[in-house]
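What follows is a single structure, written as structure tokens, with notes after it.
Derivation of every value follows stated rules applied to the coordinates shown; laboratory data play no part. These numbers were taken from a predicted model, which means no experiment stands behind them. FYI the Cβ positions are ideal-geometry reconstructions off the backbone, even for glycines, and counts take in every protein chain you see.
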């Protein structure tokens, strides 16, 4: 294959979209044709890309923290077929100038979007300017949403077969929709628990709880730590605070007086090892986080989902038997004790059944096949099936 330029457009709204982008970049770097590629990842919401986009991100994060119900209303309105098209079109109009500047700078043969904002803007810019790049969209949650369903996208990657069937029911060509799973970083999710615990700095063989709240350390983790003090069993607790310095300091303060063994981590690349060390993950249900837990066969106790996509993720994991969803008003300590005493084995099996650890490699293979076919067709050499 001739040299190809690949541009991955993501959005640093939380960490899931960016982690999916990096997983695809790593899979492309490991592809046999890697020497023929130039792969770049651009954060479409970064300050140096657009101050307007950056301010939109800040508003979004403030909304999640202080008025999450307002975001829920936005998500539901945008999820309807008619109003979803209006919302998608409005964001695309605001962002099309910036995406055009980025596309002209990188001159890509392939654009991959891991967030609907750059996806919609790239589709609009290509339609206006007659550009020839292939456009792919990668959905990072476990349910369809109308804001992702953009006319003119060449290929979609979705988490489940049910999502692919849902797109077919909405009129999308089945050949352009691939149920690959959500891409996660390649890692050793089969590490033995004892070795993982040693690596995590745990000396005692206690039931082990992993607390995560995404890259921003959201999800009421301070309340979770307080609730776990009511668990009768002595526990090892691994706290991943992400980039939340206030939470990190609070967790370290709690650790000094807790009867549990508490280890605190800031933003870390050791998530696969920590998951292998744990018996239960307590987290808000981000798409990437639960996909990583599935790969590790790690049961989940889910709480405080961001209204909208994370609620749908919680529904999926719970229905599959890999998770328990703790609703407002339900006590955490009894739920933890019940899971540890009676449900760990069955939930581990269910999580393993949901795992798609090779999703990023599958995405990379399909994309490279698409590019090869497109190049072959352009030169009149495409092989007939």
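Relative to the longest principal axis of the Cα atoms of the chain, helix 51-66 runs at roughly 30 degrees. A simple packing score, the average count of other Cβ atoms within 10 Å per residue, orders the peptides 24-37, 278-291, 349-362, 236-249 as 278-291, 236-249, 349-362, 24-37, with the highest score first. What is the ratio of the Cα radius of gyration of region 193-354 to 2.2 N^0.38 Å, with N the residue count, to two decimals? Region 193-354 yields a ratio of 0.93. Compared with the dominant Cα axis of the chain, that is its longest principal axis, helix 344-354 is turned about 0°. Between residue 170 and residue 257, the modelled labels are 5.1 nm apart [label points 7 Å from Cα along Cα→Cβ].
Of the peptides 108-121, 172-185, the ranking by mean beta-carbon count within 10 Å, highest at the top, reads 108-121, 172-185. Sorting 188, 43 from the fewest to the most surrounding beta carbons within 10 angstrom yields 188, 43. If the segment from residue 195 to residue 35 were pulled out straight at 0.36 nm per residue, it would be longer than the present Cα-Cα gap by 54.0 nm. Size descriptors for region 79-201: radius of gyration and Dmax over Cα atoms are 17.7, 57 Å. Principal axis analysis of the Cα atoms in region 274-354 yields extents of 29, 26, 23 Å, listed in decreasing size. Across the chain, the volume of the C-alpha convex hull divided among the residues equals 144 Å³ per residue.
Structural descriptor for the chain: relative contact order 16 percent, calculated from alpha carbon pairs under 8 angstrom and at least 6 residues apart. Our estimate of slack between residue 267 and residue 249, defined as 0.36 nm per intervening residue step minus the Cα-Cα distance, is 5.2 nm. The value of relative contact order for region 97-184, using C-alpha pairs under 8 Å at least six residues apart, is 24 percent. For the pair region 153-182 / region 273-340, the C-alpha centres are spaced 25 Å from each other.
Between 0 and 90 degrees, the angle of helix 116-129 with respect to the longest Cα principal axis of the chain falls at about 0 degrees. Remark: spin-label model distance residue 204-residue 93 equals 6.2 nm, labels positioned 7 Å along the Cα→Cβ axis.
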